[in-house]
Amino acid sequence: MPIRPYEAKDRDAVRYICLNSDGPCEADEMGQHFLLTTYCDYYIEREPHNCFVFADEEDRAVGYILCTEDFANFRKVFYSDFKTRIDPARTAEHKWAEESIVPHAQHSADFPAHLHIDLLPDYQGKGIGTQLMNTLFAHLRNKKCRGIMLTVFRHNTGAVRFYERYGFDRIGENTNNIVFGKLL
Ligand SMILES: CC(C)(COP(=O)(O)OP(=O)(O)OC[C@H]1O[C@@H](n2cnc3c(N)ncnc32)[C@H](O)[C@@H]1OP(=O)(O)O)[C@@H](O)C(=O)NCCC(=O)NCCS
């Protein structure tokens, strides 16, 4: 099965995908550390049971869907991890991380879960994103989760189209992002 639950052996490959799904990552070391702390490490460390990967023929992860099923729990742990891991002097990054989950706080009653999905460039446009979504949705429905949401950079028109095609509704927006939600 090319789609399977995340395993500890996938950690490096998943972190690589997080940084390189839009092509080679241009961020410096601190920038990469910030991106991984904000968008990847919480999920694979704290909720690996809610994460799935698409693996190539050598069983190397080349795409993923990462998820938290309960925003209230996520927020507590995410902030404490973040404060420990990111230098307090990097105030812009602390502000960014806090603001990145404001929409989730606003919509968590109907949409307690949220996700991040990324594929390496060679694997995009082949239906794998749709398969990863199907896998996560079936998993969350089994858990009786009420709804799931995500934010996407508004200029990422390909991803916006993907979420619309998958049946997400626009539930909000801010300067940089569109907020999508789907009841399960
Ligand atoms: C966004 C992403 C996860 C979608 O996964 P995917 O496997 O490429 O998408 P699929 O092949 O399953 O496409 C499903 C539908 O979405 C649409 N879609 C997907 N990517 C698209 C793109 N770049 N432009 C326009 N439409 C797109 C397709 O048209 C397709 O509809 P169709 O069945 O009518 O053709 C993947 O392209 C990706 O990782 N992109 C780079 C990272 C990224 O932007 N992640 C999301 C950050 S919020």
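Throughout, read-outs are computed from the coordinates displayed, never taken from laboratory work. All of these numbers come straight from a predicted model, not from anything done at the bench. Positions of Cβ are generated from backbone atoms using ideal geometry, with glycine treated the same way; all protein chains shown enter the neighbour counts.
Each other residue within a Cβ distance under 9 Å of LEU66 adds +1 if Lys or Arg and -1 if Asp or Glu, for a net charge of -2.
Under a Gaussian network description of the chain, with springs only between Cα atoms under 10 Å, the residue in ARG165, ARG46, ARG75 that fluctuates furthest is ARG165. DSSP assigns beta bridges within the chain; of those with both partners inside it, close to 90 percent run antiparallel. Share of Cα-Cα pairs in the range 1-97 beyond 18 Å, in percent? Result for the distance tail: 49 percent. Of the residues GLU29, GLU93, GLU164, the one that moves most in a GNM of the chain with alpha-carbon contacts below 10 Å is GLU29.
Spin-label pair VAL102-GLN124: with each label point 7 Å from Cα along the Cα-Cβ axis, the two points sit 2.7 nm from one another. Computed packing ranks the peptides 36-43, 155-162 as 36-43, 155-162, most packed first, by mean other Cβ atoms within 10 Å.
Fully extended, how many nm does the chain gain between ALA27 and GLU57 (0.36 nm per residue separation, minus their Cα-Cα distance)? List each step's numbers first, then the result.
Details: separation 30, 0.36 × 30 = 10.80 nm, distance 2.95 nm.
Net length gain for the segment: 7.8 nm.
Using a 10 angstrom cutoff on alpha carbons, build the Gaussian network for the chain and name the most mobile of ASP169, ASP110, ASP122. Of the options given, ASP122 has the highest mean-square fluctuation.
State, to one decimal in nm², a quarter of the convex hull surface area for the C-alpha atoms of the range 75-184, i.e. the direction-averaged projected area. Intermediate values should be presented prior to the final figure.
Details: hull surface 31.6 nm².
Dividing the Cα hull surface by four gives the mean projection, 7.9 nm².
What is the diffusion coefficient of the chain in µm²/s, taking the Kirkwood radius over Cα pairs and the Stokes-Einstein relation at 10 °C with a viscosity of 1.306 mPa s? Walk me through the intermediate numbers first.
Values: Rh = 16.7 Å.
This corresponds to a translational diffusion coefficient of 95 µm²/s.
Counted by neighbouring Cβ atoms within 10 Å, the residues MET30, MET149 run from fewest to most as MET30, MET149.
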